[in-house]
Amino acid sequence: MSTLTPTPSGTAPGTGSRAAVLGGRTGILALTLVHARIILVETFRIPAALIGSLVFPGLSLLFFVVPQRAVADNPEFATQAVIALSVFALMSNSLFSFGLNISANREQPWDPYLRTLPVPGISRVLGQICSTGLMGLVSILPVIAIGALFTAAEASALGILAGIVALGISALPFMFIGISIGYSMSSKAAIAVVQIVMFGLAFAGGLFLPPYLFADWLDTLSKFLPSRQAREFVVWAVQGGELEPWVWVGILVWTAATFALALLLFRRDEGRRYR
């Protein structure tokens with residue numbers, strides 16, 4: 001004899017349990033938080049995957065800046081070095097998280113299944129941005145701690161708050177570049193491309209060496225890169241001074257261009273695999 005439990009009128013099977021998991025909230029915000037939490041749980045299940053984004057920027061400051069006492073003992077230079085490596089931490093976290101995760105997920109059967117669910121795609125994108133943003137903030141903590149303990153870097157509480165806001169704004173182009181890489185190539189190719197893009201932007205953008213050590217041609221070239229613009233934007237937010245027009249104009253142009261590219265590649269991928 002069948003023992004099926006009758007479903008209440010107007011309620012799809014499984015709807016009640018899903019609502020219970022979400023605590024009765026089924027809006028975009030609740031679904032975004034669920035996606036962000038699951039992504040963070042998946043990431044922390046493999047602690048080795050966190051080493052690159054959490055440890056490398058702090059080690060760079062410890063090995064390349066702290067021993068140079070002419071820089072470490074100068075409050076202005078030391079603060080700019082901490083800012084540059086904080087930008088590098090956020091940039092590497094954005095490129096790796098978006099580029100590798102998206103390309104790897106596209107190769108798994110779970111990703112097409114998720115697209116069949118009655119969940120708006122914006123909640124998945126926002127969940128990825130929230131989890132990556134949180135990991136980015138965590139990645140700059142070792143840099144700030146080492147800078148505070150072993151260098152003469154200094155900043156007011158208001159300057160630190162302004163610097164965090166500036167970091168979030170200037171990280172948008174890196175997130176969209178990572179998304180573009182993830183939707184345009186396989187995971188094996190994405191690893192190589194992300195590393196080339198990351199180190200190219202870091203060296204040419206003045207994140208490892210201060211721009212005043214650059215040759216004239218390299219200094220001119222680096223002003224067109226989002227990494228150099230992000231560095232100067234955060235330095236201005238923390239230390240004050242004059243903000244050159246090429247900095248904020250460059251951030252706006254890179255954000256708009258990379259967002260359009262990421263949207264184009266997302267729609268192309270959707271059209272190829274879900275037509």
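The values are calculated or read from the model by the stated rules, or taken from the named source; none is laboratory data. A quick note: this is a predicted structure, and the numbers were derived from the prediction, not measured. Counting neighbours? That spans all protein chains shown, and the Cβs are built from the backbone with ideal geometry, glycine included. For the accessible areas, the whole protein counts, side chains as well, though only heavy atoms, and no ligand, DNA or RNA atoms are used. Shrake-Rupley method; radii C 1.70, N 1.55, O 1.52, S 1.80 Å.
For the residues Leu243, Leu264, Leu225, the requirement of being out of contact with any strand residue (DSSP E or B) (no Cβ under 8 Å at 6 or more places or on another chain) and open to solvent by 70 Å² or more (accessible area, probe 1.4 Å) singles out Leu264. Applying the set (1) open to solvent by less than 30 Å² (accessible area, probe 1.4 Å); (2) at pLDDT 85 or above; (3) among the polar types (S, T, N, Q) to Gln68 leaves exactly one unmet item: (1). Taking the listed residues Ile129, Ile39, Ile83, Ile102, the one that is closer than 25 Å to Ser170 by Cα and either without any contact (Cβ under 8 Å) to a residue 12 or more places away in the chain or out of contact with any helix residue (DSSP H, G or I) (no Cβ under 6 Å at 6 or more places or on another chain) (or both) is Ile129, with no other qualifying.
Per the listing Phe199, Phe214, Phe208, Phe150, the residue uniquely closer than 26 Å to Ser103 by Cα and aromatic (Phe, Trp, Tyr) is Phe199. Note on the range 148-157: residues that are farther than 16 Å from Pro57 by Cα and open to solvent by 80 Å² or more (accessible area, probe 1.4 Å) total 2.
Taking the range 123-147 as the range and being over 17 Å from the mean Cα position of the chain (by Cα) and open to solvent by 70 Å² or more (accessible area, probe 1.4 Å) as the test, only Ile144 passes.
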